[in-house]
Ligand SMILES: [Mg+2]
């Protein structure tokens, strides 16, 4: 089967749950702050602010995020008691080792696509060790063609990925839940993008759409399957017209 198209699939909150576990870490942290008698709302605001500030410095990931939680605690408490230290370590372990919960229909979707002319690459950002571990635990390895981790997602990094795999923008489709990291880098290069709507979105991932005409919103991956078939047919018929 000739893989005419490149299908770039985001991982966190596209193939499996992720943001919900960051929320849980934040909630656990705020419960800890309350147990210390700290003002929960002020701590929450401080976490959000510090999280945005550290992003350009540390990049994406669970470890830098939990480092931020610890740093925020140090802003409020001079001497962190041992039981709080242990609780923080628990929050970190829970986030790093959260179960991989595939979103509904992911397995079925990938099985169907493997019979279609799409080269599938799981394209994710963050810390290499953590992302690799999640991919390994997802059980999806045999269902996709490639796996690629970058520190952050930009048009330039996507262009490099396309080049390395030998695809052009008119044959590349990007699927993801983030306007900033998935959709805009794709449409910036002229690729079609499918935005997966998810209930939780990290503040840092919100961004205005740059090329709305290239974007289609979907509720889940099952919705994408007929759209990929349409795309294939469009190309087949335009090739026939040329012939
Ligand atoms: Mg994502």
*Restricting the stretch 172-209 to residues that are near the ligand (Cβ under 10 Å from one of its atoms) and in a loop (DSSP other than H, G, I, E, B), the residue that is surrounded by the fewest Cβ atoms within 10 Å (Cβ to Cβ)*: 201
*Determine which single condition residue 80 fails, assuming it passes every other condition in (1) assigned to a loop (DSSP other than H, G, I, E, B); (2) within 16 Å of the ligand (Cβ to nearest atom); (3) over 30 Å from residue 231 (Cβ atoms).*
(2)
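Given the options 47, 113, 72, 106, name the one that is in contact with a strand residue (DSSP E or B) (Cβ under 9 Å, 6 or more places away or on another chain), closer than 25 Å to residue 24 by Cβ and crowded, with 18+ Cβ neighbours inside 10 Å.
Details: 47 fails: in contact with a strand residue (DSSP E or B) (Cβ under 9 Å, 6 or more places away or on another chain); 113 fails: closer than 25 Å to residue 24 by Cβ; 72 fails: in contact with a strand residue (DSSP E or B) (Cβ under 9 Å, 6 or more places away or on another chain).
Sole residue among the options that is in contact with a strand residue (DSSP E or B) (Cβ under 9 Å, 6 or more places away or on another chain), closer than 25 Å to residue 24 by Cβ and crowded, with 18+ Cβ neighbours inside 10 Å: 106.
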_Criterion violated by residue 132 - all others in (1) within 16 Å of the chain's Cα centre (by Cα); (2) buried (at least 16 other Cβ atoms within 10 Å of the Cβ) satisfied_ = (2)
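Take the conditions at pLDDT below 95, more than 15 Å from the ligand (Cβ to nearest atom) and either crowded, with 18+ Cβ neighbours inside 10 Å or more than 30 Å from residue 192 (Cα to Cα) (or both) and apply them to residue 40. Does it pass? I'd like the intermediate steps shown before the answer.
Numbers: at pLDDT below 95: yes; more than 15 Å from the ligand (Cβ to nearest atom): yes; either crowded, with 18+ Cβ neighbours inside 10 Å or more than 30 Å from residue 192 (Cα to Cα) (or both): yes.
Considered against the rule, which asks whether it is at pLDDT below 95, more than 15 Å from the ligand (Cβ to nearest atom) and either crowded, with 18+ Cβ neighbours inside 10 Å or more than 30 Å from residue 192 (Cα to Cα) (or both), residue 40 comes out as yes.
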_Please go through the stretch 89-112 and give me each residue that is outside any helix (DSSP H, G or I) and on the phi < 0 side of the Ramachandran plot, ordered by number._
97, 98, 99, 100, 101, 102, 103, 104
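Name every residue in the stretch 10-28 that is outside any loop (DSSP other than H, G, I, E, B) and either touching a strand residue (DSSP E or B) at 6+ places or on another chain (Cβ under 9 Å) or surrounded by fewer than 16 Cβ atoms within 10 Å (Cβ to Cβ) (or both), in order of residue number.
First, pick out the residues of the stretch 10-28 that are outside any loop (DSSP other than H, G, I, E, B): 12, 16, 19-28.
Passing the criteria: 12, 16, 19, 20, 23, 24, 27.
Of everything in the stretch 7-22, what is within 15 Å of residue 137 (Cα to Cα) and within 9 Å of the ligand (Cβ to nearest atom)? Give them in sequence order. Spell out how you get there, then give the answer.
Residues of the stretch 7-22 that are within 15 Å of residue 137 (Cα to Cα), as a first pass: 11-12, 15-18.
Of everything in the stretch 7-22, those that are within 15 Å of residue 137 (Cα to Cα) and within 9 Å of the ligand (Cβ to nearest atom) turn out to be 11, 12, 15, 18.
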*Tell me which residues, restricted to the stretch 156-167, are buried (at least 16 other Cβ atoms within 10 Å of the Cβ) and out of contact with any strand residue (DSSP E or B) (no Cβ under 8 Å at 6 or more places or on another chain).*
159
*asked:* With the requirement that a residue be in contact with a strand residue (DSSP E or B) (Cβ under 7 Å, 6 or more places away or on another chain) and at pLDDT 95 or above, what does the stretch 141-153 give you?
replied: 144, 145, 146, 147, 148, 149, 150, 153
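The values are calculated or read from the model by the stated rules, or taken from the named source; none is laboratory data. These numbers come from a predicted model, not from an experiment. Note that we place each Cβ from the backbone using ideal geometry, even for glycine, and neighbour counts take in every protein chain shown.
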